[in-house]
1. Looking at residue 199, is it at pLDDT below 95 and either part of a loop (DSSP other than H, G, I, E, B) or not small (Gly, Ala, Ser) (or both)?
2. List every residue pair whose Cβ atoms lie under 7 Å apart, where the two residues are 6 or more positions apart in sequence or sit on different chains, the first residue falls within the range 106-124 and is in contact (Cβ under 8 Å) with a residue 40 or more places away in the chain, and the second residue, located anywhere, is open to solvent by 50 Å² or more (accessible area, probe 1.4 Å) and not β-branched (Val, Ile, Thr).
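The values are calculated or read from the model by the stated rules, or taken from the named source; none is laboratory data. Predicted, not measured: the structure shown is a model, and the values here were computed from it. Here the Cβ positions follow ideal geometry from the backbone for every residue, glycine too, while neighbour counts run over all protein chains shown. We work out accessible area using only protein heavy atoms, side chains counted, and drop any ligands, DNA or RNA first. Shrake-Rupley method; radii C 1.70, N 1.55, O 1.52, S 1.80 Å.
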Amino acid sequence: MTDPRHLHALAAAHSLAAARATLADRAATEARRHTTSLLDAAPVLRSAVMSTRHSTGGHGDPTGALLTARPVRDTTWADLAAQSDRRLRWLADQLPVATVGPDAWWRIVTALLRLRPARAAAIHRHLADEDAWLRDALGLDADRQRLPGDPECPACRTRRLYAQTAASDPALWTVVCALPGCRCSGTDCPCGMAVRVAGVAHIWPRSTVLAGTTAAA
């Protein structure tokens, strides 16, 4: 059985991966546009004005004007991607278990189920913060959708259950209740989570919830 703290961490990791994929696409597009703009600006950069001097004593280098013109966005998408990469490498290096993989994200995900639940909860917070930071910068909403039939949450009985759909494999999707404060009360909680942990936000494997709603119907 998977502890809900592991499920939350894995869901945040997949959400972050989806956000980082969008970021990589935007960085690549931005790089292509930048290359084109540099080619278009080449005649200006070769202008003879670079060899003249003004009364201020400085050279007439057109880059001076470029530096005084504030860009629309100071940070490029590539800059944001590099910052995210550094933070994920740092997080992967904090793991108490040895991991290998093509990148820091992969190292974290492959280690998650081997972590103690409390450590998984700490990793979840880092991943969720990183995901929120990137999605805010990118203007992305959370990858989620209402469940078919709009079933009740087994704990709070409101109809606010969402599938978290960022993972490319639907078998890895999880379900959460969107009601703030809908958290497990522990052993006697009616939530139906396989592992009940007091204070943890409810989360279920999507297959479990769909099977339950089908049986109830």
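1. Numbers: at pLDDT below 95: no; either part of a loop (DSSP other than H, G, I, E, B) or not small (Gly, Ala, Ser) (or both): yes.
No; evaluated as a whole, the condition is false for this residue.
2. Matching pairs, first to second residue: 117/5; 120/5; 121/5; 124/5.
Each row is one residue, and each column tells you yes or no for (1) surrounded by fewer than 18 Cβ atoms within 10 Å (Cβ to Cβ); (2) of a type outside the set (A, V, I, L, M, F, W, C); (3) over 23 Å from the mean Cα position of the chain (by Cα).
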{"residue": "165", "(1), (2), (3)": "no, yes, no"}
{"residue": "173", "(1), (2), (3)": "no, no, no"}
{"residue": "178", "(1), (2), (3)": "yes, no, no"}
{"residue": "181", "(1), (2), (3)": "yes, yes, no"}
{"residue": "186", "(1), (2), (3)": "yes, yes, yes"}
{"residue": "190", "(1), (2), (3)": "yes, yes, yes"}
{"residue": "193", "(1), (2), (3)": "no, no, yes"}
{"residue": "208", "(1), (2), (3)": "yes, yes, yes"}
{"residue": "211", "(1), (2), (3)": "yes, no, yes"}
